[in-house]
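Shown next, in structure tokens, is the structure this report addresses.
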Amino acid sequence: MSVLRMCDLGHVSRAGLYRYDPEAETPGDDLDLRDEIQKIALEFPCYGRPRITAELKRRGWEVNHKRVGRIMREDNLLCLRRRKFVVTTDSNHNFRIYPNLASEMELTGIDQLWRADITYIRLETEFVYLAVIGWALDRNLEDDLAIAALEMALKRRNLSEGLTHHSDRGVQYASNDYTGLLKDNGIRISMSRSGNPYDNAACESFMKTLKYEEVYRQEYRDLAEARSSIEQFIEKIYNGRRLHSALGYRPPVEFERSLLIPPPSTDPPQVTA
């Protein structure tokens, strides 16, 4: 039977017959993958296509980003960004302003540069404020809040030689109590340049992630509930499980652990008699 006759009987075009690939994906092939993508999306609601793809590969799937993107688009799982942020920085003060040292640093390890920032969190009936470096959440926007976050970092982290603390020029970070605590611990002080929002972009990026992936998806009734939920997100999800593109799609805890493992020895094995 000729090719033309088979196409006529099968109601397909000749070009369609030649394009047919019997090993191509069928809708049924996507069922297990689609299920896994939906599980990841439920666990990490703001993951986009790159992080979903990276997480699938960590779970043993051999899949490319185009296929993942198609399924996410079909299932309406693509993330939408929204909202802008309220400025919490008050640089109108008489405290000393320090130069930007962070812009000149080439980071080669952990605890060389600490970044700090403050944002607001909306509750049912009030606003509260979150300071990070460590982290602290409270109703006031005074330097006590920033100091509490710094004290957490001082307790948990290692103070390496040359450690630099970078922040904006806000009064909380320029106050004598705050800068005095930094100096007492031998930490260099660095501040963003005036009117340059990109100098502390890494910390602001964390704040955006926190807002999109945690705060905007909750309705905190009070300060205690907000503190408990945000602690869970920062300590368990963001640091322990969330994949970060800047870290090769690994969680911070895993990435830091990899830096602490000594490289394998290149010395030849010792031969004993």
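Bear in mind that the values in this text are calculations on the coordinates, not laboratory data. If you're wondering where the values come from, they're calculated on a predicted model, not measured in any experiment. Cβ atoms come from the backbone with ideal geometry, glycine included; neighbour counts cover every protein chain shown.
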Inset, instruction - Give, as ranges by residue number, the residues of region 179-193 whose backbone N falls under 18 Å from the point 7 Å along Cα→Cβ of Ser103. - result: 189-193
Inset, instruction - Name the residue farthest towards the positive end of the dipole of region 102-258 from the options Leu150, Ser258, Tyr238, assuming +1 on Cβ of Lys and Arg, -1 on Cβ of Asp and Glu, about the Cα centre. - result: Ser258
Inset, instruction - Would you order Val171, Val68, Val132 from fewest to most other beta-carbon atoms within 10 Å of each residue's own beta-carbon? - result: Val171, Val132, Val68
Inset, instruction - Mind checking region 185-259 for chymotrypsin sites (Phe, Trp or Tyr not before Pro) that DSSP puts in a loop (not H, G, I, E or B) and that have at most 10 other Cβ atoms within 10 Å? - result: Tyr198
Inset, instruction - Could you list which residues have their amide H under 5 Å from that of Asp117, counting only those 5 or more apart in sequence or on another chain, with H placed in the peptide plane? - result: Val132
Legend entry - Length added when fully stretched, Phe127-Glu62, from 0.36 nm per residue minus Cα-Cα: 18.9 nm
Legend entry - Long-range tail of P(r) for region 97-172 (Cα pairs > 14 Å, %): 63
Inset, instruction - Find, to one decimal place in angstroms, the Kirkwood hydrodynamic radius of region 102-258, where the mean of 1/r is taken over every pair of different Cα atoms and then inverted. - result: 16.4
Inset, instruction - Please pull out the direction-averaged projected area of region 26-80, using the convex hull of its alpha-carbon atoms, in nm² to one decimal place. - result: 3.4
Legend entry - Modelled FRET efficiency - R0 41 Å, Glu219 with Arg257, Cβ distances, 0.05 increments: 0.70
